[in-house]
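Written below as structure tokens is the structure these notes are about.
The values are calculated or read from the model by the stated rules, or taken from the named source; none is laboratory data. Predicted, not measured: the structure shown is a model, and the values here were computed from it. Note that we place each Cβ from the backbone using ideal geometry, even for glycine, and neighbour counts take in every protein chain shown.
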């Protein structure tokens, strides 16, 4: 009843091709952005910023990066955490070694560095596919972490190999409160998500999808495989690289190469699988699910246990949390193998017919 | 039936949720602990000891009448989870905090800046950011008792004493876990090798270190006099077993204090016999305090550990030592700011910075010999730098030496330099320690 496009006529191509062709979606998006940019900073406390919202946005960005590569271009990758590491260390080096460089510039350069590294590790994709490519990108995961540990230059000769990032400052303004950091991350993530959404609707995105669906056919209709695949690797690594820089600068404040482990790559991969492969929205939903559900369970379980007078200690809670989390992942994948984004889409279709489904 | 009972219990408890009682001010300890995950066994012992001591102090009337309350949050030794835990608990700790112990180098690195910004005291006892010894740059971080660098230097001193005062011309292999933890002591060992004119060969082991064939092959070729090992978790027992296989004498191997607990040697079985390690706290229930905790706390059924065989292990006693030093810091603060009161963050920080745990005080506590004397100040947040060397005789750790102090004159300037670099990168203006009272 409320979610119906009756009476919304499109009179130009531009109107027909916009990102949200339905008016209700546009209003919803504007409300969401207003909530994220205005309401949240006014009401949320520092726990919400530092432990929930900032990591959520950062991992959503990394998942978005991986989704471009795996979901849209069909190249399975297990190296996302490594590309994040490249971004983090590159941003750190630009900041430390170039006096007075604005932090945005060093983040952009860090993204480019990650993109360069991504292209190199994307080269095997020209020959191998599927699971074999996943194994090849696994090499990136191990090689990059090894490299960052091996060469002290990359961590500015820190005796422990751990980097501790400088303050984030731009034009004399210091992003030192949780709110300002949140807004900084939110702005970057929103812009990059908008760019990604437009990219996947453009020629580039359609070429990626053609390659994903059948690369021989794509080649026959004139898409250059090499450029397309390497571009996907570059863009994806750029996103991961920026996410890594944000992870180091705005979230943890200090990172070591071992922190960007294979576990983290898997986590990002699970985000897009649960959220929805080949969907921008799915990256956000997946990141929220994988990141926030454990925290929610962690807080809710002891409370529930106390309510029914069960003697839970924190170790038991962790074990139960893992089990519930695993069970929920399986539940969602059985109910909807295409991820949470698909659930949302089905919900929208149902709403359009409501209350008179045929 | 069971479900029904649960439902009834739930219904009852909702009805009976008592209003929060107004209580006297308590000292709140935020404890980001880990009891599951790859290092869960280590965390269980350490935090078991830590919490048992807090319970013990509470049962004995509190810290000069102030009771302690605490909350645990499971970090799984994971940095991101550690940060989440810290953020979750910090608002509760804002009023009257106890020092925060993460027992993880990674998490403490991530918290150094955050605790400084939030004005909460962070303790890193035997791990963490070692340059925080320089309190002028790190007012809120305390690498108490001793650091990796001082430990490495003390081990070298021990070896020197064993070799009639000189290691010149000897060959020492440094076998280390290739992470922040393993790399920290390298600068110290390099400085020692230049000073003592011995050959130092550094051999890294990639995490987790359950395969060390190549490393020990190299050690066999090099034929070193000693192997100093900086291992953690599964790497330790693998090293001991591989050394046995390669025929390297274990009584020429010395581990760091994270490579010298029962959890490391018992799984290695026979291969661990004769192996030595450094430690800043002794093991066993022979220490009166540990025996008293066992009697008082476990006697009353309030013990934290379900597996009581861990009481008196190295890591359990380390947890107790960490709690002892933290509680003493609060007592120190109380002596200045008011006995019988709960201490706020600034006062606890002052207490940590003016800690003076003498042997006489340790004796009063029943902790003689459990940990070394600790005396901190603004430029020395470490306060001791002493370790003992212990040897595994196949059934228990036998302490071989008295407290050995590392070469402070050589090592402390390294911290200063590192801290100055940190201050420059972060734009911190160091405090003037001569003005601190």
Can you name the residue in the stretch B:155-189 that is facing chain A (nearest Cβ under 10 Å) and in a helix (DSSP H, G or I) and is also nearest to the chain's Cα centre (by Cα) among such residues?
-> B:181
Residue check for residue A:276: over 11 Å from the mean Cα position of the chain (by Cα) and buried (at least 24 other Cβ atoms within 10 Å of the Cβ) | yes
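More than 30 Å from residue B:435 (Cα to Cα) and within 14 Å of chain A (Cβ to nearest Cβ), is that true of residue B:203?
Yes.
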Helices (runs of 4 or more DSSP H) contained entirely in the stretch A:78-196, each with at least 1 residues that are surrounded by 14 or more Cβ atoms within 10 Å (Cβ to Cβ) and within 12 Å of chain B (Cβ to nearest Cβ) | A:80-97, A:130-150
Residues in the stretch B:45-85 that are within 13 Å of chain A (Cβ to nearest Cβ) and in a strand (DSSP E or B): how many?
-> 5
Exactly one of (1) away from chain A (no Cβ under 14 Å); (2) in contact (Cβ under 8 Å) with a residue 60 or more places away in the chain is unmet by residue B:148. Its number?
-> (1)
Go through (1) within 15 Å of the chain's Cα centre (by Cα); (2) part of a helix (DSSP H, G or I) and name the single condition residue A:318 misses.
-> (1)
Residues in the stretch B:385-404 that are assigned to a loop (DSSP other than H, G, I, E, B), surrounded by fewer than 24 Cβ atoms within 10 Å (Cβ to Cβ) and within 19 Å of the chain's Cα centre (by Cα) total 1
Within the stretch A:293-303, work out how many residues are surrounded by fewer than 16 Cβ atoms within 10 Å (Cβ to Cβ) and either facing another protein chain (nearest Cβ under 9 Å) or under 27 Å from the mean Cα position of the chain (by Cα) (or both).
-> 3
Candidate set from the stretch A:254-270 (those that are crowded, with 22+ Cβ neighbours inside 10 Å and in a loop (DSSP other than H, G, I, E, B)); member that is farthest from the other protein chains (Cβ to nearest Cβ) = A:260
Within the stretch B:240-278, work out how many residues are in a helix (DSSP H, G or I) and out of contact with any strand residue (DSSP E or B) (no Cβ under 6 Å at 6 or more places or on another chain).
-> 19
Residues satisfying the stated conditions in the stretch A:165-182, i.e. in contact (Cβ under 8 Å) with a residue 60 or more places away in the chain and over 19 Å from residue B:117 (Cα atoms) = A:170, A:171
For the stretch B:86-103, indicate whether the set of residues that are outside any strand (DSSP E or B), within 11 Å of chain A (Cβ to nearest Cβ), at negative phi and surrounded by 24 or more Cβ atoms within 10 Å (Cβ to Cβ) is non-empty.
-> yes
Output for the stretch B:190-200, where each listed residue is assigned to a helix (DSSP H, G or I) and more than 14 Å from chain A (Cβ to nearest Cβ) | B:192, B:193, B:194, B:195, B:196
Could you tell me whether residue A:309 is at pLDDT below 85 and at positive phi?
-> yes
Which of the residues that make up the stretch A:24-45 are in contact (Cβ under 8 Å) with a residue 40 or more places away in the chain and within 20 Å of residue A:3 (Cα to Cα)?
-> A:33
Residue in the stretch B:285-303 that is touching a strand residue (DSSP E or B) at 6+ places or on another chain (Cβ under 7 Å) and buried (at least 17 other Cβ atoms within 10 Å of the Cβ) present | no
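Before we move on, is residue B:172 touching a helix residue (DSSP H, G or I) at 6+ places or on another chain (Cβ under 8 Å) and without any contact (Cβ under 8 Å) to a residue 40 or more places away in the chain?
No: the conditions fail for residue B:172.
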Residue pairs within 6 Å by beta carbon, gap of at least six or interchain, first lying in the stretch B:206-234 and within 14 Å of chain A (Cβ to nearest Cβ) and in contact (Cβ under 8 Å) with a residue 60 or more places away in the chain, second surrounded by 14 or more Cβ atoms within 10 Å (Cβ to Cβ) and in a loop (DSSP other than H, G, I, E, B), listed first then second, are B:230/B:256; B:233/B:39
